[in-house]
Amino acid sequence: MYDNLSYWFSSTEPYVPNEALSTSVTVDICIIGGGVTGLSTAYHLRKTDPHVSVALLEGQIIGYGASGRNAGQLIVAAGDNNFRAQLKRYGADKLRELHTYVHEGIDVIQTMAHEHNIDCDLSLTGYLLMGLKSEGNGKLNSYMKFSQSIFQDQFLESIPECDIANEFASAHFGSAIFDRRGGQFNPLKFIRGLKQVVMTQGTNIFEQSPVASIERNASHITLRTGRGVVRCNKLVIATNAYSHLLHGLKDVAFERNQTPIMVYANVTAPLSASQWQQLGWARRCGVNVLSDLFYSFAPTADGRLLYVGGYYTHAPSGNEMSPELSNGFMNCGPKQLATFFPKLAGVPNAQSWGGPISVTRDYIPHVGVLSDPRISYANGCWGHGMPLGARNGQTLSDLALDLQSTDTRTWFVQRDKSDWPPRAITPLIVQSVSSVMRYGVRKKASKLGMRFDPE
């Protein structure tokens, strides 16, 4: 039933979800959302206070959303690529804190995988931010200058164009920046492994249990799923791109906190040893093109190449959140891949899929407490969700337990968050911005000989 959600679902072992909630349960803390944020929150709650009772509700199955449909890269990034505007708006100290926070999220994933023997094909190779010959080094220089200003350049190494030419069989790659943090893994294997750890700790996980309503009174919070009821003292909302679908929080405008955007991915058939040798790719790390073209390539553990890009995006309206396909990227993606890597001409796609990312109005992730102080939340993963979600679990745990910690006092938790306009017009705004970006991508891509088909 769920195998078509992504390559990760198709390539993992058959999965039997937990039973849906069908009774009445009373706990100290309830978590909505069975992705990396929700599971990490449950993990850190029970680790911090083994006596606190926790229930987790997932509307579909564990990893159904972005946690099971992302590109499998672990990178250190936050916000958009307008680095100058970020510095002007927030200042170097705050941005350093935010990027360090995301970096720590990679450490959280590594630690959990190691301590609990979670087999998730974790490979800490680092990753490349790649420039294009046709665009010169302007964006690379801007990123390096930005990284220096927020004291992150200690992790970076500039790679000259001649070295990249020796490493990759691509006529379009120019110079690059290598970031030794991060790498690749199988996110769904990690999520399912973490689920088992969390259950062993004592958290009750109910899958296929969508929350139909949230009711609040002075003594407790009640969540109804249609078949069951959870009563709790504290609520943690870890639904990211699905946050606007929750009912019962209109008085705090929670449906405007973020907006979902569907992005799309392709993965090739397995490449032979000869094909990999022809490609070069000695580091076997992810390659993220630092350009408005927005392309990203990552090797998988079984020798495929997974890639996203080209601003094939869709802003869902209303309550429609199906993981639809992009006809344009599904059909044109292999040709665009061959433009970057001519040796891969004719290599077929094995699978295409879509998945939702969550975007806040200013692109900076939201973590904090609602005007009802019993409810904490996180969203706005913006395509960097696995490290961010893992790290957010620590912060949300502290917030739910009313702990005063460095995490709960950090600026992006304490700041006033800006909301999107009403839901009726937000998708139109997002789609308009995406169309403008894609028009620019088409112009740049035409110089590389790429073809884009209409959706």
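The values are calculated or read from the model by the stated rules, or taken from the named source; none is laboratory data. All values reported here derive from a predicted model rather than from experimental measurement. Neighbour counts are summed over all protein chains in view; Cβ atoms, including those assigned to glycine, are modelled from backbone coordinates with ideal geometry. Surface accessibility is based on the protein's heavy atoms, side chains included, excluding ligands, DNA and RNA. Shrake-Rupley method; radii C 1.70, N 1.55, O 1.52, S 1.80 Å.
Below are the figures for this structure:
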item	result
Other-chain or far-sequence residues with amide H under 5 Å of residue 248's (modelled H)	214
Cys residues of the chain counted as unpaired, since no other Cys beta-carbon is under 4.7 Å	120, 162, 285, 332, 381
Computed over the chain: relative contact order in percent, which uses C-alpha pairs under 8 Å that are six or more apart	23 percent
With every protein chain in place, the chain: carbon and sulfur % of accessible area (1.4 Å)	50 percent
Rounded to 5, percent antiparallel among DSSP beta bridges of the chain	70 percent
Members of 94/139; 94/234; 195/417; 250/417 lying beyond 19 Å, as alpha-carbon distances in this model show	94/139; 94/234; 195/417
Heavy-atom accessible area ranking, 1.4 Å probe, most first, across 417, 133, 145, 88	88, 145, 133, 417
On Cα atoms only, tilt of 36-48 relative to the major axis of the chain in degrees	50 degrees
Extended-chain gain in nm, criterion 0.36 nm per residue less alpha-carbon gap, residue 302 and residue 275	8.4 nm
Solvent-accessible area per residue for region 269-384 (1.4 angstrom probe, square angstrom)	35 Å²
Sites residue 423 and residue 96 - FRET efficiency at Förster radius 30 Å, r taken between beta-carbons, to 0.05	0.30
Contour minus Cα-Cα distance for residue 15 and residue 345 (0.36 nm per residue)	115.3 nm
Charge-dipole axis of region 5-135 as Lys and Arg at +1 and Asp and Glu at -1 on Cβ define it, positive-most pick from 7, 92, 124	92
Computed [θ] at 222 nm, deg cm²/dmol, the chain (DSSP H ≥ 4; -39,500 (n - 2.57); rounded to nearest 500)	-10000 deg cm²/dmol
